[in-house]
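Bear in mind these aren't lab numbers, they're just calculated from the coordinates by the rules spelled out. Everything numeric here is computed off the predicted structure, so don't read it as measured data. Using ideal geometry, Cβ is built from the backbone for each residue, glycine included, and neighbour counts are taken over all protein chains shown.
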Amino acid sequence: MNILDVAKACNVSKSTVSRVINNQPHVSETTRKKVMDYINKHHYVPNNIANYFRNKTTKSIAISIPNIDHPFFSKLSSLLSSNLNLYGYKTYIHQTFSNKNSELEILNALKTNEIDAVILCSIENENNIIEEYSNNGLIIVCNDAFKSENIATFHFDEENVGYLAVKYLLKRDKKTLGICIDNISNAAQQARLKGFKKALYESDIELDERYIFTEAYSIEDGIKIGNHIMKFHKQLDGLYTGNDYVSAGVQSILGQDIDIIGTDNQSICLVTSPRLDSIIIPIDQMAKDAVEFMVNKLNDKSLAPIHKLYQGNIIENKPKITP
């Protein structure tokens with residue numbers, strides 16, 4: 001099958017199919033959808049080598065994440081990929097495992113024109129290094145707390161997420177509070193910790209450094225933390241976790257002896273007993289906005305970077321106790 005076959009099947013011109021494939025303007029959404037549906041159904045693959053020399057584009061985007069096993073990054077990479085697919089882009093998931101050199105590998109692929117752009121979902125290197133690589137091609141930061149005038153950023157108000165968690169726990173009359181985060185050196189995690197401490201300070205409570213639990217990614221990590229709390233810190237009565245799977249692991253050990261709130265409102269919150277409360281963040285909207293900007297920027301180099309900040313909200317899944 002070639003581009004002419006697609007054009008005939010969809011009753012459009014060859015140039016229209018080309019515009020759809022290359023995400024160019026002047027095509028109605030109805031026509032674009034019809035062509036893309038046919039392409040996807042019949043597994044038509046454009047000649048990317050010819051496409052590159054003609055348009056200087058690979059139609060390929062790299063999504064850089066720490067680890068695909070992390071429930072948040074698994075969901076984010078899936079959402080980004082599905083949105084990019086709508087525009088005809090292929091995606092490559094690059095796992096850095098929180099390693100600086102691994103991140104540089106994908107940035108070098110941008111430098112050598114192996115890909116059109118990189119979406120960094122977790123920054124491993126210093127800001128000035130990322131800024132320098134942005135001179136070689138399009139970089140967008142999606143999720144991490146990265147400050148730049150030259151690179152578009154889409155991320156959550158992480159400080160406020162940590163702040164909301166404390167307010168929630170204090171409202172439930174919890175006074176001895178702890179926090180679980182994953183990569184302590186990550187800027188977003190540092191912002192959550194800052195917000196957590198800020199809310200405690202406003203209530204004249206000082207965070208005991210022993211109650212900061214790191215390397216918390218999974219249910220298994222939550223189980224380890226739960227056992228540690230049971231053995232050494234039974235006085236803890238409230239805990240905020242960076243993701244709901246860690247919450248589930250902790251709760252499996254401590255039950256209702258501790259009040260827990262997690263992050264992301266994953267479906268696991270609904271199958272624990274009792275259900276888990278969480279702070280939901282608009283990951284779907286962030287992924288959509290980031291991809292939309294990226295596609296527009298690839299088609300219009302003069303487009304200025306934008307910076308979007310998204311807020312979280314508490315979701316109470318626990319059943320309400322009636323008197």
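Over 17 Å, how big is the tail of the calculated P(r) for region 3-46, in percent of all Cα pairs?
Working: 132 of 946 pairs.
More than 17 Å apart: 14 percent of the Cα pairs in region 3-46.
By count of other Cβ within 10 Å, fewest leading, how are Met36, Met230 ordered? Before the final figure, lay out the partial values.
Working: Met36 18, Met230 15.
The order, fewest Cβ neighbours first, is Met230, Met36.
Once you keep just the Cα pairs under 8 angstrom separated by 6 or more residues, what percentage relative contact order results for the chain? Mind showing how you got there, number by number?
On the way: 564 pairs, mean separation 45.6, N = 323.
This gives 14 percent for the chain.
Please turn the phi angles of region 169-177 into ³J(HN,Hα) values with the Karplus equation 6.51 cos²θ - 1.76 cosθ + 1.60 (θ = phi - 60°), one per residue in order, whole Hz, x for glycine and proline.
Result, ordered by residue: 5, 5, 5, 8, 6, 9, 10, 9, 10 Hz.
How far apart, in nm, are the 7 Å Cα→Cβ label points at Arg210 and Arg172?
In this crude label model, Arg210 to Arg172 measures out at 2.3 nm.
Across region 273-290, in residue order, what do the Karplus-derived ³J(HN,Hα) couplings come to in whole Hz, using 6.51 cos²θ - 1.76 cosθ + 1.60 with θ = phi - 60° and x for Gly and Pro?
The phi angles translate into 10, x, 4, 9, 7, 7, 9, 8, 10, x, 5, 4, 5, 4, 4, 5, 5, 5 Hz.
What number, in percent, do you get for the relative contact order of region 158-281 if the mean sequence gap of Cα pairs under 8 Å and at least 6 apart is divided by its residue count? Walk me through the intermediate numbers first.
Working: 240 pairs, mean separation 31.3, N = 124.
So the answer I get is 25 percent.
Ile279's amide H: which non-local residues (gap 5+, or another chain) put their own amide H closer than 5 Å, with H modeled 1.01 Å from N in plane and none for Pro or chain starts?
Here Gly262, Thr263, Asp264, Asn265, Ile315 satisfy the definition.
Pairwise over distinct Cα atoms, reciprocal of the mean inverse distance: report the Kirkwood radius of the chain in Å, one decimal place. Write down the numbers at each step before the final one.
Details: mean 1/r = 0.0465 Å⁻¹.
This gives a value of 21.5 Å.
Quick one: which of 221-229, 237-245, 4-12 comes out on top by average Cβ neighbours within 10 Å, and what's the full order, highest first? Don't skip to the answer; put the middle values down first.
Values: 221-229: 20.3, 237-245: 26.4, 4-12: 15.4.
Result, highest mean Cβ count within 10 Å first: 237-245, 221-229, 4-12.
Just to be sure I understand: of the beta bridges DSSP finds with both ends in the chain, what percent are antiparallel, rounded to 5?
On the way: 3 of 37 bridges.
If I count the DSSP bridges inside the chain, around 10 percent turn out antiparallel.
Pop out the ³J(HN,Hα) list for region 230-244 in order, Karplus 6.51 cos²θ - 1.76 cosθ + 1.60 with θ = phi - 60°, rounded to Hz; leave Gly and Pro as x.
With coefficients 6.51, -1.76 and 1.60, one gets 4, 7, 10, 9, 5, 6, 5, 10, x, 9, 10, 10, x, 8, 5 Hz.
Do any of Lys288/Lys308; Lys34/Lys75; Lys167/Lys197; Lys59/Lys308 go past 19 Å between their Cα atoms, and which? Before the final figure, lay out each step's value.
Numbers: Lys288/Lys308 12 Å; Lys34/Lys75 28 Å; Lys167/Lys197 11 Å; Lys59/Lys308 25 Å.
From the list (Lys288/Lys308; Lys34/Lys75; Lys167/Lys197; Lys59/Lys308), the Cα-Cα distance tops 19 Å for Lys34/Lys75; Lys59/Lys308.
If R0 is 45 Å, what FRET efficiency do you get for Glu202 and Lys41 from their C-beta distance, rounded to 0.05? The partial results should precede the final answer.
Values: r = 57 Å, r/R0 = 1.26.
Given R0 = 45 Å and the Cβ-Cβ separation, E is 0.20.
Principal axes first, then extents: for the Cα atoms of region 158-281, list largest minus smallest coordinate on each axis, whole Å, largest first.
For region 158-281, the Cα extents along the three principal axes come out at 33, 29, 26 Å.
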